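Note sheet for the following structure.
The values are calculated or read from the model by the stated rules, or taken from the named source; none is laboratory data. Values in this document were obtained by computation on a predicted structure and should not be read as measured data. Cβ placement follows ideal geometry from the backbone for every residue including glycine, while neighbour counts extend to all protein chains displayed. These area figures cover heavy atoms from the full protein model, side chains too; ligands, DNA and RNA do not enter into them. Shrake-Rupley method; radii C 1.70, N 1.55, O 1.52, S 1.80 Å.
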Amino acid sequence: MRILIVEDDATLGDGLLEGLRQAGFAADWVRDGAAADRALAGESFAAVVLDLGLPRVDGRELLRRLRARGDRTPVLVLTSRDGVGDRIAGLDAGADDYVIKPVALGELAARLRALLRRGAGEAAPVLRVGELAIDPSAHRVSWRGEDVELGPRERGVLEALARAAGQVLSREQLEERLYEWDRALASNAIEVHVHHLRRKLAPELIRTVRGVGYLMPRPATVES
Ligand code: CA
């Protein structure tokens, strides 16, 4: 479970980083709103601990941008702004929880665990095609009941094909899914990812339609 800490105060940021790591989270720390925006646009985090008073992009503006682009990563706002008005504005801007500084690390960790549980409960439904299951919110993929480790790009290609099961997707359509991570794609990137997916899952899961693109066949029978 990787947490992004956004905090401009060096002492507090360092304390949060160490404390959350000791509590068993993987954590990254950025010190301003613009760096947080870039990190969140490029990678996925299980949750964000967000200070509101930040240089470059204010925490509330960051939260607004995040929600405006459909990012539903749970956000715990950590701030010294303890006015009721600030709290309401923060929650209305899309925060999932709101904690006033100073906070005990034990409480923060417990609140994060609660947020992650809630997030899992409200998660988008698992996408299933035959024996393939993709849980987009948890970034989990399983095949025949076994979890499969995939990179984010592989998962992106697989999810696109699964959502379009039974239809052919062109290489260009699949490449669009990867621009999120990598703007300078190698011309054979999709072929490489498909090759890895076939090896890690099953060769028959993705068919090449010569001159057109790739297809994930729908299972022949639908189990009830
Ligand atoms: Ca601050």
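Below is a table of values for the structure above.
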quantity	calculated
Looking only at the range 44-59, and only at residues there that are open to solvent by less than 50 Å² (accessible area, probe 1.4 Å) and over 16 Å from Pro74 (Cα atoms), the one that is farthest from the ligand (Cβ to nearest atom)	Val57
Hits in the range 61-86 (condition: surrounded by 14 or more Cβ atoms within 10 Å (Cβ to Cβ) and more than 20 Å from the chain's Cα centre (by Cα))	Leu78, Thr79, Arg81, Asp86
Selection from the range 133-142 of residues that are closer than 12 Å to Leu201 by Cβ and either surrounded by fewer than 18 Cβ atoms within 10 Å (Cβ to Cβ) or among the small types (Gly, Ala, Ser) (or both)	Ala133, Ser142
Hits in the range 90-110 (condition: in a helix (DSSP H, G or I), in contact with a Leu (Cβ under 9 Å, 6 or more places away or on another chain) and either under 14 Å from Leu52 (Cβ atoms) or open to solvent by less than 50 Å² (accessible area, probe 1.4 Å) (or both))	Gly90, Leu108, Ala109
When residues of the range 1-16 are limited to those that are in contact (Cβ under 8 Å) with a residue 12 or more places away in the chain and open to solvent by 20 Å² or more (accessible area, probe 1.4 Å), the one nearest to Arg65 (Cα to Cα)	Asp8
Candidates Ala27, Ala41, Ala34, filtered to the one that is small (Gly, Ala, Ser), away from the ligand (no atom under 12 Å from the Cβ) and in a strand (DSSP E or B)	Ala27
Criterion (within 14 Å of the ligand (Cβ to nearest atom) and either under 29 Å from Gly156 (Cα atoms) or not in a strand (DSSP E or B) (or both)) met by exactly one of Leu62, Leu66	Leu62
Close pairs from the range 151-165: first farther than 14 Å from His196 by Cα, partner among the charged types (D, E, K, R), Cβ under 7 Å, at least 6 apart	Ala160/Arg177; Ala165/Arg218
Residues that are in contact with a helix residue (DSSP H, G or I) (Cβ under 6 Å, 6 or more places away or on another chain) and not in a loop (DSSP other than H, G, I, E, B), drawn from the range 5-24	Ile5, Val6, Gly19
Any hit, the range 98-105, residues being in contact with a helix residue (DSSP H, G or I) (Cβ under 9 Å, 6 or more places away or on another chain), within 30 Å of Arg153 (Cβ to Cβ) and more than 16 Å from the ligand (Cβ to nearest atom)	no
Output for the range 161-211, where each listed residue is buried (at least 16 other Cβ atoms within 10 Å of the Cβ), among the hydrophobic types (A, V, I, L, M, F, W, C), at pLDDT 80 or above and assigned to a helix (DSSP H, G or I)	Leu161, Ala162, Leu174, Ala189, Ile190, Val194, Leu197, Leu205
